[in-house]
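Encoded as structure tokens, the structure appears first; notes follow it.
All of the numbers you see were taken from the coordinates with simple rules; none came from a lab. Note that the coordinates shown come from a computational prediction; the quantities given were computed from them, not determined experimentally. We place every Cβ from the backbone using ideal geometry, glycine too, and count neighbours over all the protein chains shown.
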Amino acid sequence: MRQLLAAPVVGALVLVGAMASVARPTAHQSATRSVSGKAVHYFTTAIIHSETPTPTGKIQRSTDIIELTGDLKGRVLYHPITVIDTVKGTLVNTGNEVFSGTVLGSEPVLLHDDTFRFEVDLKTGGMESGEVHLSTRLAGPKIRCDLVVVGAGAKTPDGNGIVDYRGTCTVPK
């Protein structure tokens, strides 16, 4: 008789436990959402660490700050390696960057990217394009953003660069 009563009780407990786990979202649930906004690259406050001449231009290492508005709000500490080729009329940035701010109203987050690439066509007056992959979370909610950055050489009155960004971010639900 005990065995007959035990089976329905155990079954009921398993069902209640399963319903509770479905009712509560887990930390692993996330949603991918579209994002967009603007960024200002503060050229005027950049710290140039080194410039090395090359046969066709130079390689520059610097620390810059970029401010993002729109769906991403915050700042990027940007450590680009800039390769300028005056023969081809190109500028290419790669290196490391860390975003500190919020994404779609999230709690503050720190996100790292060491795979970005920006290209500037110096012959046309600065058509800029690039990709950002803020994929390594250093602190805050588990967020990832993949962005495309496009600019047409727009500048602030102080001479800082203005670009648009758009893309997707995966954020906790």
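Tabulated data
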read-out	value
Cα centre as origin, Lys/Arg/Asp/Glu Cβ charges: the stretch 55-173 dipole, Debye	160 debye
J(HN,Hα) series, the stretch 111-128, from Karplus relation 6.51 cos²θ - 1.76 cosθ + 1.60, nearest Hz, glycine and proline x	10, 10, 9, 10, 10, 5, 8, 10, 10, 10, 8, 6, 6, 9, x, x, 4, 10
J(HN,Hα) series, the stretch 35-49, from Karplus relation 6.51 cos²θ - 1.76 cosθ + 1.60, nearest Hz, glycine and proline x	9, 7, x, 10, 9, 10, 9, 7, 5, 5, 10, 5, 9, 8, 8
Over 20 Å [Cα-Cα, the stretch 28-172], rounded percent	46 percent
Pairs of Lys in the stretch 28-172 closer than 14 Å at Cα, counting only those 8 or more apart or on different chains	4
Interchain or long-range residues, amide H under 5 Å from Asn160's placed H	none
Label zone at Asn96 (point 7 Å along Cα-to-Cβ), backbone N below 16 Å, the stretch 33-53	49-50
Length-normalised contact order for the stretch 66-163 - Cα pairs under 8 Å, 6+ apart - percent	19 percent
